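Values quoted throughout were computed directly from the atomic coordinates according to the rules given, and no laboratory measurement underlies them. Everything numeric here is computed off the predicted structure, so don't read it as measured data. Glycine also receives a Cβ, built like all others from the backbone with ideal geometry; neighbour counts cover every protein chain displayed.
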Amino acid sequence: MITDPLNFLNHYFIMQEKVFYAIVSAIVIIGGVGIGVAYDHQVAVSSSQSSNQQSNGGYHLDLMEVMDANYNSSIGAQPRYYEVMNGTLQSTSNITLPTHTKITITITSYDMGNTSVPAQYLTASGVLNDQVYVINGTTAMGSNTSKSWSTNITSFPASKVLHTFTILQGSSTVVNIPVIAGYTEVASFYLNSSGSYVWQCEAACGSGPTGWGGAMSTPGWMTGTIYAQ
Ligand SMILES: [Cu+2]
């Protein structure tokens, strides 16, 4: 029974006020934790991306291929692979990779055209499912080519391949990734034995009558050494 309606209302509003502040406090605390988690997550992601270190997804090898790097005064411009590491462009003359670890390679090509490639290097091999995930449009051309937009490819059309990223152990091909000029490509592979490998572009993209001069025969351009450890 309510004896004093005013006192009851007063009490009621005080209670409401307490509940209100409790709810506000809970929102602030939960929200704060949420922001903290999001912030931590962002920091973790950006630091793992910039260091090329191993993370949950394995190891990341990021290569950038450019069309016209200055080779020398007589040959002039040549295509070149760089390794992107810690936000800087590094030479690909020596690449260090881990063994028994999933290596995800991203090749970003800023290039155009095609060149002659022996048939066996037109097929992706040594990569997961023998497939390369190919994204059209690193180089903006003003129109989209819908058919080849974000597709898994095993057999590459000869008319589109300008380079390969091929890893050789002695005379055997361990990994072969055909590269389409002006595309971004992603694939994964494992190196199961430690030691040194040769990497080579197998498409004749260099200088001279055979196309195997200049970049094709120069470490850090279209060939180099991979140390697996
Ligand atoms: Cu090449």
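What list of ³J(HN,Hα) values in whole Hz, one per residue of region 103-116 in order, does the Karplus curve 6.51 cos²θ - 1.76 cosθ + 1.60 (θ = phi - 60°) give from phi, with Gly and Pro shown as x?
Here the 3J(HN,Hα) series is 9, 9, 9, 10, 10, 10, 9, 10, 7, 8, x, 8, 8, 6 Hz.
Based only on other Cβ atoms within 10 Å, what is the fewest-to-most ordering of GLU65, GLU185?
If I rank by nearby Cβ atoms, fewest first, I get GLU185, GLU65.
Can you sort LYS160, LYS102 so the residue with the fewest Cβ neighbours within 10 Å comes first?
The fewest-first ordering by Cβ neighbours comes to LYS102, LYS160.
Rounded to whole Å, give me the distance from the Cα center of region 161-229 to that of region 94-120.
Here the answer is 6 Å between Cα centres.
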